[in-house]
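The values are calculated or read from the model by the stated rules, or taken from the named source; none is laboratory data. All values reported here derive from a predicted model rather than from experimental measurement. So basically every Cβ, Gly included, is an ideal-geometry build from the backbone, and we count neighbours across all protein chains shown.
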Amino acid sequence: MSGLETTRPVALVTGGGGDIGRAIALRLARMSSAVALVDIDEAAARATAGLVEAAGCKAMAVRADVSSALETAAYVEAVEDRLGPIGIFANNAGIEGVVAPLHEYPDEMFDRLFQVNVKGVFLGLKHVLARMLPRGRGAIVNTASTSAIRGRAGIAGYVASKHAVLGLTRTAALEVTGKGIRVNAILPGPIESRMIRELDEQARRRSSGARRAGSAPYGKPENIADVVAFLASDEAAHVNGAAWVVDAGMTVA
């Protein structure tokens, strides 16, 4: 490995084909020797990988369903075999579900949200931590949401799943304390993305209360990526188990 590769970590981003995942990948490319993109949409992951390579960083794309234990183990192994030890893990993949009052919320959608948003985060933590712990170094950032710290009408499945992500983050952080690894969560407010456009459209059709509260403007994916990069860096060496809200103050009131 070159000097650059020995001083810069390999980064892994799940949900790397989405708007926020793509911004995270491009930001981490500036501080990593290589970036691996995992997404169930292989074409989207490959598109992000192309952008990372165009930015001057090595990249690879892997098609995987993060809710599958077998596929998670396989993508982690593939990344380390091809690129080297994972030093930064942006555990970002997630879905939004549907907008509906709790008494009408579809059982199958609730289950799917927990499969992707909770089990997917759990499996990523499990398999990446198993690699990081023997090495005694690494930084993990789980993507939660401001829905992890407040209720929102009409999106019960999403809110419950993101509360669970925060719980997993705090548990993992306690388990790695003093072992050279940090686990934090980023809690985005509404961000200009396919996901928020879809939720807003569903809320508009239902005229529900699921749409954002407050008057702050929607953020940009890059706003999230910059904070993920900070949490993954040595500058955040004393930050562990944090729930880092990025919402322009929308949850203050």
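Quick check on Ile155: is it surrounded by 21 or more Cβ atoms within 10 Å (Cβ to Cβ), at pLDDT below 95 and either of a type in the set (A, V, I, L, M) or out of contact with any Lys or Arg (no Cβ under 9 Å at 6 or more places or on another chain) (or both)?
yes
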Q. How do the strands (runs of 3 or more DSSP E) wholly within the range 43-161 filter down when requiring 3 or more residues that are of a type in the set (Val, Ile, Thr): which remain?
A. 138-143
Q | Qualifying residue in the range 37-57 (condition: under 26 Å from His163 (Cα atoms), among the hydroxyl-bearing types (Ser, Thr, Tyr) and at pLDDT 95 or above) | A | no
Q: For the range 58-65, indicate whether the set of residues that are touching a Phe, Trp or Tyr at 6+ places or on another chain (Cβ under 8 Å) and at pLDDT 95 or above is non-empty.
A: yes
**Q.** Pairs, first closer than 21 Å to Asp19 by Cβ in the range 96-109, second β-branched (Val, Ile, Thr) and part of a loop (DSSP other than H, G, I, E, B), C-beta under 9 Å, six or more apart
**A.** none
Q. Looking only at the range 17-33, which residues are within 22 Å of Asp234 (Cα to Cα), outside any helix (DSSP H, G or I) and touching a residue at least 40 places away in the same chain (Cβ under 8 Å)?
A. Arg30, Met31, Ser32, Ser33
Q. Looking at the range 1-16, which of its residues are at pLDDT 50 or above and in a helix (DSSP H, G or I)?
A. Thr6, Thr7
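Residue-by-condition table, conditions (1) at pLDDT below 95; (2) not in a loop (DSSP other than H, G, I, E, B):
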| position | (1), (2) |
| --- | --- |
| Glu198 | yes, yes |
| Glu201 | yes, yes |
| Leu231 | no, yes |
| Asn240 | no, no |
